[in-house]
Amino acid sequence: MRGGRPIRRAGTFAALAGPLVLVAFPSASVAGSGGQQRVQSETLAEGVAPHGVRIEAEGPTDVVQRVITIEPGGSTGWHYHDGPLLAVIASGTLTRTLEDCTVEVSHAGDSFVEPHGPGHVHVGRNLGDEPVVLYATYMVPQGAPLSVDAEDPGCPG
């Protein structure tokens, strides 16, 4: 582990898909070299990206998955990412304010990719009365932080 983060494998990650649906298969028997093996999986979250998904990362890339919970009234603070982030909202409603002060609202079952770089600062807020739970997959240059704190670009509220 490095800095409280799990050990990662570096590599290039690229995906191009239509609507995104993250699924897992129920337990199943799989033939292996030594006979039957049991494989178990659990769906953690499912989401649909209505406009499709395109994710590219070049060079050695850390791929980290996290479950993030934002309590009612909570906020991520203004920040940006050095690589793309794929998110699936498992529960609650996430309200994101972007660098141009536009607001995007995502509900349980929604999925999105956050653009990366210091020109894409944003803040996530839970303005609802139930916790927001989201599953995030970060794809950042090897050794980069998962997020970088940023100043509010002057957006109201």
Please find, among 120, 116, the residue that is open to solvent by 70 Å² or more (accessible area, probe 1.4 Å) and not in a strand (DSSP E or B). 116
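Results for (1) within 24 Å of residue 46 (Cβ to Cβ); (2) without any contact (Cβ under 8 Å) to a residue 12 or more places away in the chain; (3) of a type in the set (Val, Ile, Thr), shown as yes or no for each residue.
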{"residue": "74", "(1), (2), (3)": "yes, no, no"}
{"residue": "87", "(1), (2), (3)": "yes, no, no"}
{"residue": "121", "(1), (2), (3)": "no, no, yes"}
{"residue": "133", "(1), (2), (3)": "yes, no, yes"}
Just checking, does region 26-48 include any residue being open to solvent by less than 80 Å² (accessible area, probe 1.4 Å), at pLDDT 95 or above and within 23 Å of residue 120 (Cα to Cα)? no
Which count do you get for residues in region 108-143 that are more than 18 Å from residue 82 (Cα to Cα) and either hydrophobic (A, V, I, L, M, F, W, C) or touching a Gly at 6+ places or on another chain (Cβ under 8 Å) (or both)? 13
Do we have residue 111 as hydroxyl-bearing (Ser, Thr, Tyr), in contact with a strand residue (DSSP E or B) (Cβ under 7 Å, 6 or more places away or on another chain) and open to solvent by less than 20 Å² (accessible area, probe 1.4 Å) here? yes
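The values are calculated or read from the model by the stated rules, or taken from the named source; none is laboratory data. Please read all numbers here as calculations on a predicted model, not as lab measurements. Positions of Cβ are backbone-derived with ideal geometry, glycine not excepted, and every protein chain shown enters the neighbour counts. We work out accessible area using only protein heavy atoms, side chains counted, and drop any ligands, DNA or RNA first. Shrake-Rupley method; radii C 1.70, N 1.55, O 1.52, S 1.80 Å.
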